[in-house]
Amino acid sequence: MTDPGRPPTGSDAVARVPDAGPLAVVPPRYGGDSLADVVPSALAVLGVPGSVDLLGLAPRLAGVRRIAVLLVDGLGWYQIPTAAPYAPILAGLAATAGRPLTAGFPSTTPTSLVSLGAGVAPGAHGVLGFTVRVPGTDRVLNHIEWADDPEPLRWQPVRTQWERARAAGVAVTVVSRPEFAGSGLTLAANRGGDYRGAAGADALATAMLAALAAGPGPTLVSGYHPDLDRHGHLSGVDSVPWRVAAAEVDGLLARLVDGLPADAALLVTADHGQLDVPAAHRVDLDTDPQLREGVRVVAGEPRVRYLHVAPGAVSDVVAAWSAVLGPAARVQTREEAVAAGRFGPVPPEHLGRVGDVVVTCTGTYAVLASRSEPPAVSRLVAYHGADTAAEMTIPLLVVRG
């Protein structure tokens, strides 16, 4: 496995997320140190009624009337030291203007994008994994490939922070890849913002800066950059393609920082980190009869599996998976996982999206599903989704114009 690295240090970092190493379990810190708290805190700075500055941004952002929020997919706090030789601006901002937050659980892109946009923990917004079972069916919904079924506004019922901002008179723009426009995930996470397509880092910087400077009133701009995550998955953290992607992130940051208006601020964060999973730490549930016994539907992703089981089979499945995986995973019932608070409060209508059994991989292990998922999933090098520090701990970088 590629070493996830050591996190940037400093008194604030040490106080907020004690460093027990990249593979230590880190629970989500909803309500003051999580990704879900970023946009509500930004709206409080912009004076949106009812918004609470849970992150304490106001003292640093006094007088700011325009805020850009950039989410870099896959940029975990523990990956910043690894990226530093190729992204010196990123490393410098982390050291002088950064602090760690946590993602929500699972630490995966669809869940995190909706947590950012809705400003609530995953249990409330209901996008509870990369893939989840649609309750009452055996259908597995892939949130990345989601179009309009289930209907996005019913599946994710929480009013977004972009909608709240627009209702308060803030100009709101969302900048992301053109192909994501109108998708179910985009509507769940970003409804309420004017959508602008931007293919690549240069186009993203141009569109974000243009939207930030477009009008005289309070302004909120959101941007999304996916390439670091993609190259981590395909080639591994600290691979040559990943290093090139890290350098591209640095160029993006340089343009945004240099182009900020005087009354503007840039908040940089991420949806999760990543870690490489060696071949010896991969278990294939579809080739092990003990793991398939009693399991009807498999959802989630390799680092966090949701198992929907046959009636009366929960205890047998928990016992079998615990015996096979041993210390490679925590195997819990749905009730145990929800009671642990990792999703935040989960209303009854969202409970069925969580498996009857929740399997959270520890260390650098993963549970593949070679027959249940596309073959490409099993060929990835790096994964995320679980609750190790390398996956859960993300940055918040705050830069003023």
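The values are calculated or read from the model by the stated rules, or taken from the named source; none is laboratory data. In this text the structure is predicted, and so the values were computed from the model without any measurement. Cβ: placed from backbone, ideal geometry, glycine included. Neighbour counts: every protein chain shown.
Yes or no: the range 321-332 includes at least one residue that is hydroxyl-bearing (S, T, Y), more than 30 Å from V158 (Cβ to Cβ), touching a strand residue (DSSP E or B) at 6+ places or on another chain (Cβ under 7 Å) and not assigned by TED's automatic domain parsing to the domain that holds R133.
Of the range 321-332, the ones hydroxyl-bearing (S, T, Y) are 322.
Filter once more, so that each one left must be more than 30 Å from V158 (Cβ to Cβ): 322.
Now drop any that are not touching a strand residue (DSSP E or B) at 6+ places or on another chain (Cβ under 7 Å), which leaves 322.
When the remaining residues are screened for being not assigned by TED's automatic domain parsing to the domain that holds R133, the result is 322.
Yes - at least one qualifying residue is present in the range 321-332.
Residues in the range 30-59 that are assigned to a loop (DSSP other than H, G, I, E, B) and touching a strand residue (DSSP E or B) at 6+ places or on another chain (Cβ under 6 Å): D33 alone. Among the helices (runs of 4 or more DSSP H) confined to the range 223-311, the ones with at least 1 residues that are among the β-branched types (V, I, T) are located at 240-259.
Going by what's in this entry, would E349 be described as under 27 Å from A389 (Cα atoms), assigned to a helix (DSSP H, G or I) and acidic (D, E)? The answer is no for E349. Among the conditions (1) in contact with a Lys or Arg (Cβ under 8 Å, 6 or more places away or on another chain); (2) at pLDDT 95 or above; (3) crowded, with 20+ Cβ neighbours inside 10 Å, G50 misses just one, which is (3). Among the residues of the range 279-320, those that are exposed (fewer than 13 other Cβ atoms within 10 Å of the Cβ) and either of a type in the set (S, T, Y) or within 25 Å of E391 (Cα to Cα) (or both) comprise A279, A280, T287, S315.
Mind checking which residues of the range 270-317 are out of contact with any helix residue (DSSP H, G or I) (no Cβ under 9 Å at 6 or more places or on another chain) and in contact (Cβ under 8 Å) with a residue 12 or more places away in the chain? Scanning the range 270-317 gives V277, P278, T287, R296, V297, A299, G300, V304, H308, A313, D316.
Filter the range 370-389 for residues that are aliphatic (A, V, I, L, M), under 25 Å from V298 (Cα atoms) and buried (at least 22 other Cβ atoms within 10 Å of the Cβ) and give the result.
Answer for the range 370-389, where residues must be aliphatic (A, V, I, L, M), under 25 Å from V298 (Cα atoms) and buried (at least 22 other Cβ atoms within 10 Å of the Cβ): A382, A386.
Of the residues that make up the range 231-240, is at least one modelled with pLDDT of 95 or more and at positive phi? Within the range 231-240, one or more residues are modelled with pLDDT of 95 or more and at positive phi.
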